[in-house]
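The values are calculated or read from the model by the stated rules, or taken from the named source; none is laboratory data. Quantities reported herein were computed from a predicted structural model and do not represent experimental measurements. For neighbour counting, all protein chains shown are included, and Cβ atoms are generated from backbone atoms with ideal geometry for every residue, glycine included. With ligands, DNA and RNA removed, areas are computed over all heavy atoms of the protein, side chains included. Shrake-Rupley method; radii C 1.70, N 1.55, O 1.52, S 1.80 Å.
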Amino acid sequence: SGIPSALHPSSALFGLGYTPDYVVYHELISTTKEYMSCVTAVEGEWLAEMGPMFFSVKESFESALKRRQRERLDAAAMEKDMKQKEEGEEDRK
């Protein structure tokens, strides 16, 4: 909703020593400050998966690089497997 809010002091997450990147809350308590109550920490990917019309996760440069490297390695492994299968079929003929 765009309303700046904080974890309520009675929340179990309040005493962690850090604030999770993403939280889901059930109740908003308005005093001189807005407090979230009944709070749980969640992964950002969960929000994007369960509510894609509301949330999206932007990929960082590092994770994009890692993903591309993994895709290249997977493609190379598939090509190697295909060549081995083709060679095995030619040997049988």
Exercise. Across the range 8-27, what is the number of residues that are surrounded by 14 or more Cβ atoms within 10 Å (Cβ to Cβ) and over 22 Å from the mean Cα position of the chain (by Cα)?
Worked result: 3
Problem set entry | Test: residue in the range 78-89 that is in contact (Cβ under 8 Å) with a residue 12 or more places away in the chain, exposed (fewer than 11 other Cβ atoms within 10 Å of the Cβ) and out of contact with any Phe, Trp or Tyr (no Cβ under 9 Å at 6 or more places or on another chain) | no
Exercise. Identify, please: which residue in the range 28-38 is of a type in the set (Val, Ile, Thr) and without any contact (Cβ under 8 Å) to a residue 12 or more places away in the chain and is, among those, least open to solvent (accessible area, probe 1.4 Å)?
Worked result: 31
Seminar exercise, completed: Of those in the range 39-50 that are surrounded by 14 or more Cβ atoms within 10 Å (Cβ to Cβ) and not small (Gly, Ala, Ser), the residue farthest from the chain's Cα centre (by Cα) is 39
For this session: Please work out which residue is nearest to residue 24 (Cα to Cα), limiting yourself to the range 51-67 and to residues that are assigned to a helix (DSSP H, G or I) and open to solvent by less than 100 Å² (accessible area, probe 1.4 Å).
Result: 63
